[in-house]
1. How would you rank 47-59, 138-150, highest first, on the average number of other Cβ atoms within 10 Å across their residues?
2. What distance in nm separates the two pseudo spin-label positions at ASP95 and ILE141, each 7 Å out from Cα along the beta-carbon direction?
3. Can you bin the range 111-161 into rounded, prolate or oblate? Criterion: square roots of the alpha carbon gyration tensor eigenvalues sorted a ≥ b ≥ c, rounded for a/c under 1.5, prolate for a/b above b/c, oblate for the rest.
4. Determine the shape class of the range 67-161: with a ≥ b ≥ c the square roots of the Cα gyration tensor eigenvalues, call it rounded for a/c under 1.5, and otherwise prolate if a/b is greater than b/c, oblate otherwise.
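Taken together, the values in this text are just the output of simple stated rules run on the coordinates, not laboratory data. The shown structure was predicted, so the numbers you read here are calculated from the model rather than taken from an experiment. So basically every Cβ, Gly included, is an ideal-geometry build from the backbone, and we count neighbours across all protein chains shown.
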Amino acid sequence: MKTHTKALIGAGIVAALTVGGFFAFLAHADTNDLGSASGGFRFKRMLAQVGVTSQQKAQVKTILRGYQPTLEPLVKEVVTERRMLRDTIRAGTIDETAIRAQAAKVASVEADLAVERAHVAHDIRAVLTPAQIQKLKDMQIDADARFDWFLQRIANRIATD
C-alpha cells in the first residue's frame, strides 16, 4: 500500500473516531447532569474552565434539554448511515455508485446535524460573557493544534512503515 494511501486511511480513522465520539456523547448525554456521560465530564470541565456561574450552568442545561428531541434522532441517523457506508465500503465488490450514494446520505444528515449544532452553540453563546466566549475560542485553537499534531504523528508513523 502506498504511503499517502496509508496516511489518508489513518487520518480517516482518526476523523471517524473523533466524530463518532462526539455523536456518542450527544446520543447518551443526560442533560439533567452535564457530567453524567463519558464525554459530559469534558463538557462540564470545559464549562468550569470558562468560568460559568451556576445560573449560566442552569441556562445551558435548559438549552440542551430543549434541543435533545431534535438532536437525538439526528445523531442516531448519522450513526446508522455511517455504518451503512462502512458496510458498503467493505462489501465484497466495489460499487462506486452505491458508495457515492451512501456517502451523500451521510453528508446530508451530517449537514442537518451541523445546522442544529450551530443553533445550540448560538444559544449557549448568548448566555456567556464576551470573556468566556474568547476563552472558548482559545480552547478550540489549542484543541485544533493538538489534533493537527496527532494527525502529523500518525502520518509520520505510517510513512516510516
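1. 47-59, 138-150
2. Roughly 4.8 nm, to one decimal.
3. Because a/c hits 1.5 or more and a/b fails to exceed b/c, the range 111-161 counts as oblate.
4. The shape class here is oblate.
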